[in-house]
Every structure is written in structure tokens, then in C-alpha cells.
Amino acid sequence: LAVDFKSNRQVPATAEQVPEGLLRQMGAYAHLLAGLYPGRRIETALLWTATATLMPLSAGATGAALGRAGLDPDVGPT
């Protein structure tokens, strides 16, 4: 599980409302970790410090965000 602590004042109510940039960031982390640990399940989440809330992010959401950025989430890091 890769967790990034976020201190944003406004916390999204759901994972679907997480800003695109954060989804891309977490997708990049997952992409890198998948290359380092092949065959292992990689999960990502954001920890919102303002509310002490752990918000899991789906691989589909982070992968799609990478795709919208023009990156292929299925191609391993080089």
C-alpha cells in the first residue's frame, strides 16, 4: 500500500472527486512500484490530514488518469 499524506483544506467527499493531478501522481507511484515488485498487488491511497481519513484509490482510476496524461499504465518503467 502506497499512501501519500495530503494537507489540503478541502477534502473530497469521495475518491471520484479527487483532483486529476493527485490521481496521476498516485498512478505514477503505483506504476513505479509495479516495476519494482512484479507480480505483487499494488494499492494506493491518500491520507487526508485535515480529517484523518484514509481514502483508497482504485487502480482503474489512477491508471485512467495516467492514460489521460498520455502515458500507458500497462508499459513498465524504463
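The values are calculated or read from the model by the stated rules, or taken from the named source; none is laboratory data. This structure is a prediction, so every number in the text was calculated from the model and none was measured. For neighbour counting, all protein chains shown are included, and Cβ atoms are generated from backbone atoms with ideal geometry for every residue, glycine included.
Taking the criterion of being under 12 Å from the mean Cα position of the chain (by Cα), part of a loop (DSSP other than H, G, I, E, B) and surrounded by 15 or more Cβ atoms within 10 Å (Cβ to Cβ), would at least one residue in region 51-71 satisfy it?
Start the filter on region 51-71 by keeping residues that are under 12 Å from the mean Cα position of the chain (by Cα), which leaves 55-66.
Imposing the further condition that a residue be part of a loop (DSSP other than H, G, I, E, B) reduces the set to 58.
Now narrow it down to the ones that are surrounded by 15 or more Cβ atoms within 10 Å (Cβ to Cβ): none.
No, the conditions are met nowhere in region 51-71.
One residue is enough: does region 9-30 have a residue meeting the conditions assigned to a helix (DSSP H, G or I) and among the aromatic types (Phe, Trp, Tyr)?
yes
For region 15-32, which residues satisfy the criterion of being in contact with a strand residue (DSSP E or B) (Cβ under 8 Å, 6 or more places away or on another chain) and of a type outside the set (Phe, Trp, Tyr)?
Step one: filter region 15-32 for residues in contact with a strand residue (DSSP E or B) (Cβ under 8 Å, 6 or more places away or on another chain), giving 15, 18, 22-23, 25-27, 29-30.
Listed by number, the residues that qualify are Ala15, Val18, Leu22, Leu23, Gln25, Met26, Gly27, Ala30.
Give the residues of region 6-51 that are in contact (Cβ under 8 Å) with a residue 24 or more places away in the chain and basic (Lys, Arg), sorted by residue number.
Hits for region 6-51 are Lys6, Arg9, Arg24.
Spot the failing condition for Glu20; the list is (1) crowded, with 16+ Cβ neighbours inside 10 Å; (2) in contact with a helix residue (DSSP H, G or I) (Cβ under 8 Å, 6 or more places away or on another chain); (3) modelled with pLDDT of 95 or more, and only one is missed.
(1)
For Leu66, state whether it is aliphatic (A, V, I, L, M), touching a Pro at 6+ places or on another chain (Cβ under 7 Å) and modelled with pLDDT under 95.
On the way: aliphatic (A, V, I, L, M): yes; touching a Pro at 6+ places or on another chain (Cβ under 7 Å): yes; modelled with pLDDT under 95: yes.
Spelling it out, Leu66 is indeed aliphatic (A, V, I, L, M), touching a Pro at 6+ places or on another chain (Cβ under 7 Å) and modelled with pLDDT under 95.
Residue check: is Gln10 out of contact with any Ser or Thr (no Cβ under 9 Å at 6 or more places or on another chain) and polar (S, T, N, Q)?
Judged against the criteria, Gln10 is a match.
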